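Structure first, then comments.
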Amino acid sequence: MLAYPARHEEAVVPTRSIDVHRGFAQTDRLSRKRRDRKGKGTADIAEIEMGAVVDGTVERITPYGAFLKLEDGRLGLVHISEIDRNYVKDVHDHLREGDVVQAKVRAIKEDGKIDLSIKALQDPAPPRPRRGSDPEFEQMLKKFMRQSEERLVDYKRAVEHKRK
């Protein structure tokens, strides 16, 4: 039978969470350590500003990105979409563990997580050619629109004639 704590006692409920990537269950003690670490990390967050360029070493590579260990020892995530301007199918094609890379700080979340971007430091993407800059295409489009309009008028005449 469960006993309820008195008002001045603190209830500790053991919980378990499963770490999918590492394949083992974590107990509440580990969760407490993470909570304590999050509380301590908030004071250090002020040192890193959004938009700052930082150096980091690739610590771990996952299917969704790479974790960089920054100079001060904290980890930041470079999401797969922030690695390169071109499509990235596999992170291993662009980064290896131990590589030292520069990244721009995109965001610092309330829980202390740092979002990084390598793509933001690359040259801007070349401008796309404007639509309509091809006179030959424009001429073909006008011809198509005119023919389409003529067919529509003919169709409407045929339908109106059948109604009368």
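The values are calculated or read from the model by the stated rules, or taken from the named source; none is laboratory data. Just so it is clear, the model here is predicted, and its values are computed rather than measured. Counting neighbours? That spans all protein chains shown, and the Cβs are built from the backbone with ideal geometry, glycine included.
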Out of the residues in the stretch 78-121 that are in a loop (DSSP other than H, G, I, E, B) and acidic (Asp, Glu), state the one that is nearest to residue 54 (Cα to Cα). 99
Kindly indicate whether residue 102 is touching a residue at least 40 places away in the same chain (Cβ under 8 Å) and among the polar types (S, T, N, Q). yes
I'd like to check something: does the stretch 78-98 contain any residue that is over 30 Å from residue 127 (Cβ atoms), in contact with a helix residue (DSSP H, G or I) (Cβ under 8 Å, 6 or more places away or on another chain) and modelled with pLDDT of 90 or more? no
When you scan the stretch 87-98, do you find a residue that is surrounded by 12 or more Cβ atoms within 10 Å (Cβ to Cβ), farther than 15 Å from residue 57 by Cβ, within 14 Å of the chain's Cα centre (by Cα) and in contact (Cβ under 8 Å) with a residue 40 or more places away in the chain, even just one? no
Mind telling me which of the residues 113, 142 ends up being among the basic types (Lys, Arg), without any contact (Cβ under 8 Å) to a residue 12 or more places away in the chain and surrounded by 10 or more Cβ atoms within 10 Å (Cβ to Cβ)? 142
